[in-house]
Amino acid sequence: MTYDAELYARLHRGTEGDVDFYRRHATGTVLEIGAGFGRVTHAVADVAEVVRIVGLDIDPSLLALAPAHAKVTYRPGDARTFNLDGPFDRIFAPHGVLWCLLDDRDVSACFEAVARHLAPDGLFVFDVWAADELHAEGDPEDVDPEHLDHVATLDGEPALDVLERSTWDKASQRLDVTYLYVDADEQVVGEGTIHQRYLLEHQLRAHLDRARLELVDLFGDFAGTTYDGTHDHLIGVARLRGRAV
């Protein structure tokens, strides 16, 4: 990801219901992968059953924006190679962070690291946007890399409009999204790009299986509706294979 931390934090506030979902699943010792500026981490730390939480992110400038909390330790680190004092009762990967792993080796390395750090009866909880329908029915030729969509107006100083453009390579399952931040004078004052490589449901399941992780639940929304292939999100709860929840 290539992005100014403060601009990223102003725009990317998650999906409605995601914080409450992770709070409901939080207990004991928690590791959050891709903690960013602490949006989920800080809220989860307030759950009474949480003893301590480690917020991991590859971008120190994002971590620098995270608010302090007595239960939280923020650590710079890579989702593929982290080695922390564990195990953890819960490992969270919110807000599509798994789609920022750009090839199969990266995904495998991350899931292997998760399996190594997960307590025997722990849970790995994650959410990503669901890609199967887009991949099956979408046409990359319909994605104009020069077309700009207005996605948000940010209040504050300065007030900014945010425009978005995308490039999609269907063969490699890459979708890169660039955000332009435009001021009242219609000048671009900032730009950020999120590089993504999505997985289809069966590919995600296969990667989890190879890392000895098995899905307990797969939801399509944060209210807990079972995923049926038509939802916008894949929200997974996984455990080490052979372990009871």
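The values are calculated or read from the model by the stated rules, or taken from the named source; none is laboratory data. Fair warning: this is a prediction, and the values are worked out from it, not measured in the lab. Here the Cβ positions follow ideal geometry from the backbone for every residue, glycine too, while neighbour counts run over all protein chains shown. Accessible surface is based on the protein model in full, side chains and every heavy atom, while ligands, DNA and RNA are left aside. Shrake-Rupley method; radii C 1.70, N 1.55, O 1.52, S 1.80 Å.
A few points about this structure:
- For the stretch 8-82 and the stretch 160-174, distance of Cα centres in Å: 26
- Tail beyond 21 Å, pair distance distribution of the stretch 69-200 (Cα, percent): 56
- Debye-formula intensities of the stretch 1-69, expressed as log10 I(q)/I(0) at q = 0.12, 0.18 Å⁻¹, are -0.30, -0.66 (one equal scatterer per alpha-carbon, no solvent).
- Rounded tilt (10° steps) of 201-210 against the dominant C-alpha axis of the chain: 40
- Cα point-scatterer Debye curve for the stretch 48-147, base-10 log of I(q)/I(0) at q = 0.14, 0.22 Å⁻¹: -0.67, -1.28
- The chain: angle of helix 104-117 to the longest principal axis, Cα-based, in degrees nearest 10: 40
- Label-zone membership for the stretch 213-231, site residue 136, 7 angstrom Cα→C-beta point, backbone N under 15 Å: 227-231
- Between residue 217 and residue 164, the FRET efficiency estimated from the beta carbon spacing at R0 = 25 angstrom works out to 0.20.
- Label point of residue 189 set 7 angstrom out along Cα-Cβ; within the stretch 150-180, amide nitrogens under 19 Å from it belong to 150-164, 179-180.
- Value of relative contact order over the chain, rounded to a whole percent, pairs C-alpha under 8 Å and six or more apart: 18
- GluC sites (Glu not before Pro) within the stretch 144-245: DSSP coil, no more than 12 neighbouring Cβ in 10 Å: 146, 186
- Average 1/r across all pairs of distinct alpha carbons in the chain, invert it, and you get the Kirkwood radius: 18.7 Å.
- Rg/Rh, computed from the Cα trace of the stretch 172-245 with Rh as the Kirkwood radius, has the value 1.18.
- Whole-Hz ³J(HN,Hα) from phi, Karplus 6.51 cos²θ - 1.76 cosθ + 1.60, for the stretch 25-37, glycine and proline x: 9, 8, 6, x, 9, 10, 10, 10, 8, x, 5, x, 9
- Rounded if a/c under 1.5, otherwise prolate or oblate - the stretch 135-208, Cα gyration tensor axes: prolate
- Close amide-amide hydrogen proximity is noted between residue 154 and 160, 161, 162, each under 5 Å apart and 5 or more residues distant or on a separate chain (H modeled in the peptide plane; Pro and chain starts excluded).
- Solvent-accessible surface of the chain, averaged per residue with a 1.4 angstrom probe and all protein chains in place: 48 square angstrom.
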